Amino acid sequence: MFCLGENNSEFFDKCTIPSFIDVRQDFPREDVTAEIPQLIAGGFKKEVVAGAIRRGMRIAVAVGSRGVAGIDIIVRETVRQIESLGAHPFIIPAMGTHGGCDPEKQKLILAGMGITEESMQVEVASSMDVVELGTTDDGLPVFFDRIAFEKSDGVVVVNRIKPHTDFRGETESGLQKMIAVGLGNAAGANQAHSFPLREFGKIIPAIAKVAISRGLIKLGIAVVEDAYKGVAHIEIVEPWNFYDREKELLVKAISLMGRLLVDKVDLLVVRELGKDVSGAGMDNNVINRYIDSYMVDETRNINRIAVLDLTVKTNGHAPGIGYADVVTRRIIEKMDYVSTYKNCIIGRAPMSCKIPITVDNDRLAIQCGLQLSDSVSNNEPRIVIIKNTSELQNITVSAGVLGEIKQYPNISTISGFYNLEFDINGNLCAPACRQTPG
C-alpha cells in the first residue's frame, strides 16, 4: 500500500493548521427514550395490534444493521410483548447485503448492537436464502427471506424512518425499504438496485406491497430520532398503513435531523465513518455528496473532505470512503475490501468505494485536505471537524468560520481558541469535538 508519509511532509509545509474553537449546534429535542418500554407495551395493547399476532404463532422480528437509537431496548421489549400474546418470537437480520452477504457476519452486526440470543433470550436465525413471492404490478420479481417465509407465521419489522442518503420520495428509508431490500437479502437488494436510484421512491413501496398483500408482515415498529440520537417518536404501525404513516413520519424526521448549519466549508474533517453511522458510511445529507447529482444542494458547499478512521462497529466495512478526498493509512489497513466491494457493486455505486489519496496520519490528512481546497492561499481557511455525520451537536470550527456562526442564534461557543495537538505519530491526541456538557 502506498501513502504519503512524513518524508513527504514538506509538500504541505505551506498548509498551516489554524487555531480552533468548539461550538454547540442546538437542534429541536424530543426524547422519549426512557419511555420506550411503556410506549411499545401500550401499542401492543391496542385491539387491532394484538389481533395481528395470535397465540402459538412463530413471529420473526426483523432488525437491520443501522445504529438505531435504543435498538436493543426496542427489540427486547418487542420480543417480550409478542411473548405476552402467547406467540413465539425469534430474530432475523434484515440488512440486504451488509456484512458481505455472510449470514454469520450479519449476526455479528446484530451482536455489536447488543442483540444476541443471550441478551434477547430468543433464537437469532440468519440466512441469505430467499423465495420469490411473485411480481409487482410492473412485473418486477419480489424476493423474501426464506427463514421468514418458511419458519414463521409472520414478520414484525423494526426500523427507523429517515431521509435516505441516495434518493428522494414521499417515503424513503423505513419499514417498506426494510421489506424490499433488507428482507430481500442479496437477491432483493440486487433486484432493487438494478433500477436508477431516482426511481426508488416508487419501486420500494411497490415491492413492499407484494409482501404486505400476502399477509407476511404483521406489524411495523417505526422509530424517529432527533439530532441527539435520542428516540423522538416510536409507534406500532399496521401494514396497510405503512405508506401513509411513513410519509407523515418522514416529515417529522426531516424537521428533527442534525445538519451542519455552516453553509460554506473549505475542509470538512470527519473523525470516523461506518455502516453503523449511516448506510453510506457518511450521511450524504450532511456531506452533500451523492451518487446522483440531482440531489446536490447548490446552496451548500463543502469543498473537500478528509476522513481519519473507521468506527469499531463497522468491522472494516467502509462504503462511502470514496466520498472523501483524503484518508489516513489506518483506514485502508482496517478496511474489509470484500464486504465493502460487494455492497457497492450490488448498490451500483463504484464511486462510493474508490480509494482516495492516502496519507500516513491525521495531521497530514488535514494538511492535504487544505492543499486540495480552493482556499489553500486563504489566511483563514474554513475548517469544520466532526466526530461523524450522526453526532453534530458539538463540533469544532476554525477561526475562519467563527465570523459566520455569530449570526446564528442556535450556535454558541463552548471553548476558547486552541491549537490541535498531535501525538508522536501525527495523530490527534484527543477528540477535537470535546464533549463539553450542556
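If you filter the stretch 11-65 down to residues that are acidic (Asp, Glu) and open to solvent by 10 Å² or more (accessible area, probe 1.4 Å), you find that the one that is farthest from residue 146 (Cα to Cα) is 13. Look at the stretch 166-177: where a residue is over 14 Å from residue 193 (Cα atoms) and a partner is surrounded by fewer than 21 Cβ atoms within 10 Å (Cβ to Cβ) and modelled with pLDDT under 90, sitting 6+ places away or on another chain with Cβ atoms under 6 Å, you get 169/201. A count restricted to the stretch 55-90 and to residues that are under 30 Å from residue 311 (Cα atoms) and not hydrophobic (A, V, I, L, M, F, W, C) stands at 9. Can you find, within the stretch 114-147, the residue that is least open to solvent (accessible area, probe 1.4 Å) among those that are under 14 Å from residue 79 (Cα atoms) and part of a helix (DSSP H, G or I)? Looking at residues that are under 14 Å from residue 79 (Cα atoms) and part of a helix (DSSP H, G or I), I get 120. For the stretch 212-241, the set of residues classified as surrounded by fewer than 16 Cβ atoms within 10 Å (Cβ to Cβ), on the phi < 0 side of the Ramachandran plot and in a loop (DSSP other than H, G, I, E, B) consists of 214 only.
Given (1) buried (at least 18 other Cβ atoms within 10 Å of the Cβ); (2) within 26 Å of residue 115 (Cβ to Cβ), where does residue 290 come up short, assuming only one miss? Status for residue 290: all satisfied but (2).
Filtering the stretch 51-82 to residues that are within 24 Å of residue 226 (Cβ to Cβ), charged (D, E, K, R) and not in a loop (DSSP other than H, G, I, E, B) leaves 72, 76, 77. With respect to residue 211, is the statement that it is closer than 25 Å to residue 248 by Cβ, in contact with a Phe, Trp or Tyr (Cβ under 9 Å, 6 or more places away or on another chain) and touching a residue at least 60 places away in the same chain (Cβ under 8 Å) true? Here the answer is yes, as residue 211 does meet what is asked. Of all residues in the stretch 83-113, those being surrounded by fewer than 24 Cβ atoms within 10 Å (Cβ to Cβ), of a type outside the set (Lys, Arg) and in a helix (DSSP H, G or I) number 7.
Mind checking which residues of the stretch 242-276 are open to solvent by 20 Å² or more (accessible area, probe 1.4 Å), of a type in the set (A, V, I, L, M, F, W, C) and closer than 22 Å to residue 222 by Cα?
Initial filter on the stretch 242-276 (open to solvent by 20 Å² or more (accessible area, probe 1.4 Å)): 243-245, 247-248, 251-252, 254-255, 257, 259, 261, 263-264, 271-272, 276.
From the residues that got through so far, the ones that are of a type in the set (A, V, I, L, M, F, W, C) too are 251, 254, 257, 261.
Listed by number, the residues that qualify are 251, 254, 257.
The set of residues in the stretch 235-266 that are under 30 Å from residue 305 (Cα atoms) and of a type in the set (Asp, Glu) comprises 263, 266. Of all residue pairs spaced 6 or more apart or on separate chains, those with beta-carbon atoms under 6 Å, a first member in the stretch 102-119 that is among the small types (Gly, Ala, Ser) and a second member that is open to solvent by 60 Å² or more (accessible area, probe 1.4 Å) are 112/313. For residue 198, the test of being open to solvent by 20 Å² or more (accessible area, probe 1.4 Å), of a type in the set (D, E, K, R), closer than 18 Å to residue 293 by Cβ and part of a loop (DSSP other than H, G, I, E, B) is failed. Checking each residue in the stretch 318-342 for being open to solvent by 10 Å² or more (accessible area, probe 1.4 Å), in contact (Cβ under 8 Å) with a residue 12 or more places away in the chain and closer than 23 Å to residue 186 by Cβ picks out 322, 335, 336, 338, 341, 342.
Considering only the stretch 350-372, I want to know if a residue exists there that is touching a His at 6+ places or on another chain (Cβ under 6 Å), more than 16 Å from residue 420 (Cβ to Cβ) and surrounded by 21 or more Cβ atoms within 10 Å (Cβ to Cβ).
The answer is no, given that none of the residues of the stretch 350-372 is touching a His at 6+ places or on another chain (Cβ under 6 Å), more than 16 Å from residue 420 (Cβ to Cβ) and surrounded by 21 or more Cβ atoms within 10 Å (Cβ to Cβ).
Taken together, 186, 192, 180 contain a single residue that is touching a Gly at 6+ places or on another chain (Cβ under 8 Å) and either open to solvent by 40 Å² or more (accessible area, probe 1.4 Å) or more than 23 Å from residue 59 (Cα to Cα) (or both), which is 192. Restrict the check to the stretch 140-157 and report whether at least one residue is within 19 Å of the chain's Cα centre (by Cα) and modelled with pLDDT of 95 or more. Yes: one or more hits.
The values are calculated or read from the model by the stated rules, or taken from the named source; none is laboratory data. Keep in mind that this is a model prediction, so the values were computed, not measured. Reconstructed Cβ throughout: ideal geometry from the backbone, glycine too, with neighbour counts over all protein chains shown. Note: areas computed on protein heavy atoms with side chains; ligands, DNA, RNA excluded. Shrake-Rupley method; radii C 1.70, N 1.55, O 1.52, S 1.80 Å.
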